Amino acid sequence: MPRFPSGADLLVFDTLDSTSLDAKRRIEAGEAGPRWIIAHKQTAGYGRRGRDWAQREGDFAGTLFFKPEAPADQLGQASFIAALALAETLDQYLPPEKIRLKWPNDALLGGGKCAGILLEKVGAFLTIGVGINIVTAPGDTPYPTARLMDHVDAPPSPEALAAAIDAHFWRRYRAWRAHGFEPIRQQWLLRAAGLNQEITVRLPTETLKGVFTGIDETGALVLRIAGGKRTIAAGDVFFAPPGDNSQG
């Protein structure tokens with residue numbers, strides 16, 4: 001079984017229902033990780049809140065699972081570590097200014113969503129699912145999408161992407177354990193899409209408009225609204241009114 005310099009090993013499948021579901025099954029069966037699972041094709045991929053994640057053969061679908069050495073109330077910060085690792089990986093193939101990070105867990109390429117991250121806690125373990133549009137740019141979404149093949153001459157293989165993400169992730173993970181979240185927060189903000197601009201945030205029971213002023217020490221979005229500010233732990237961000245596919 002291939003093993004990365006970090007110590008994480010790699011399992012590659014032609015087809016799986018979902019790399020994240022497979023990671024959960026392996027955790028429940030007693031596997032310890034750290035381990036990457038990638039699939040060249042998923043039949044039941046999903047993202048946040050169980051939403052379908054469209055993927056064709058040639059796209060990247062991978063999940064890392066491991067047992068983190070961090071307090072449970074800090075584990076959500078790993079999403080920002082993964083986002084930076086993803087951005088730094090894409091920097092190897094694209095000009096860095098093309099890649100921006102969208103709160104809470106997306107990467108944008110030229111303004112279109114090209115990747116997403118899904119963080120899930122499974123007992124004492126953490127799974128970090130990453131999906132990257134290499135050949136697919138879904139058109140049935142409430143936001144614009146992008147794919148790597150429209151921006152690079154030779155798209156990287158899923159295995160090469162997993163190796164790069166793994167290296168960047170563990171470097172930043174070690175820094176996080178040594179120095180806390182603040183350096184990660186600052187680095188994420190340097191690449192944040194929509195910072196200091198008016199955005200729309202869709203919550204389960206309401207929709208808010210305001211200026212995105214940053215993220216706090218927990219990673220929650222800080223929105224300046226009329227009469228004060230709101231701190232939002234989870235929601236969907238749009239850079240234009242929901243349903244307007246010109247930005248999001």
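Details
- Strands (runs of 3 or more DSSP E) fully within the range 188-235 that include at least 2 residues being touching a Pro at 6+ places or on another chain (Cβ under 7 Å): 198-202.
- Yes/no for VAL237 being touching a residue at least 40 places away in the same chain (Cβ under 8 Å), closer than 23 Å to GLN74 by Cα, in contact with a strand residue (DSSP E or B) (Cβ under 6 Å, 6 or more places away or on another chain) and surrounded by 13 or more Cβ atoms within 10 Å (Cβ to Cβ): yes
- Any hit, the range 137-151, residues being part of a loop (DSSP other than H, G, I, E, B), basic (Lys, Arg) and closer than 20 Å to ALA233 by Cα: no
- Residue check for PRO183: over 20 Å from GLU57 (Cα atoms) and either out of contact with any Pro (no Cβ under 7 Å at 6 or more places or on another chain) or surrounded by fewer than 19 Cβ atoms within 10 Å (Cβ to Cβ) (or both): yes
- Conditions (1) free of Cβ contacts under 8 Å to residues at least 40 places away in the same chain; (2) basic (Lys, Arg); (3) outside the structural domain of ARG35 (by TED's automatic domain parsing); number of the one not met by ARG174: (3)
- One residue alone among GLY58, GLY45 is modelled with pLDDT under 95, under 27 Å from VAL135 (Cβ atoms), out of contact with any Ser or Thr (no Cβ under 7 Å at 6 or more places or on another chain) and small (Gly, Ala, Ser), and that residue is GLY58.
- Any chance GLU97 is in a strand (DSSP E or B), under 26 Å from GLU217 (Cα atoms), of a type outside the set (A, V, I, L, M, F, W, C) and not assigned by TED's automatic domain parsing to the domain that holds PHE212: no
- Residue within the range 205-223 that is touching a strand residue (DSSP E or B) at 6+ places or on another chain (Cβ under 8 Å), modelled with pLDDT of 95 or more and of a type in the set (Asp, Glu) present: yes
- Condition broken by ILE184, with the remaining ones in (1) among the β-branched types (Val, Ile, Thr); (2) outside any strand (DSSP E or B); (3) not assigned by TED's automatic domain parsing to the domain that holds ARG56 satisfied: (3)
The values are calculated or read from the model by the stated rules, or taken from the named source; none is laboratory data. Keep in mind the model is a prediction, meaning the values are calculated, not measured. Cβ sites come from the backbone with ideal geometry, for glycine too, and all protein chains shown count toward neighbours.
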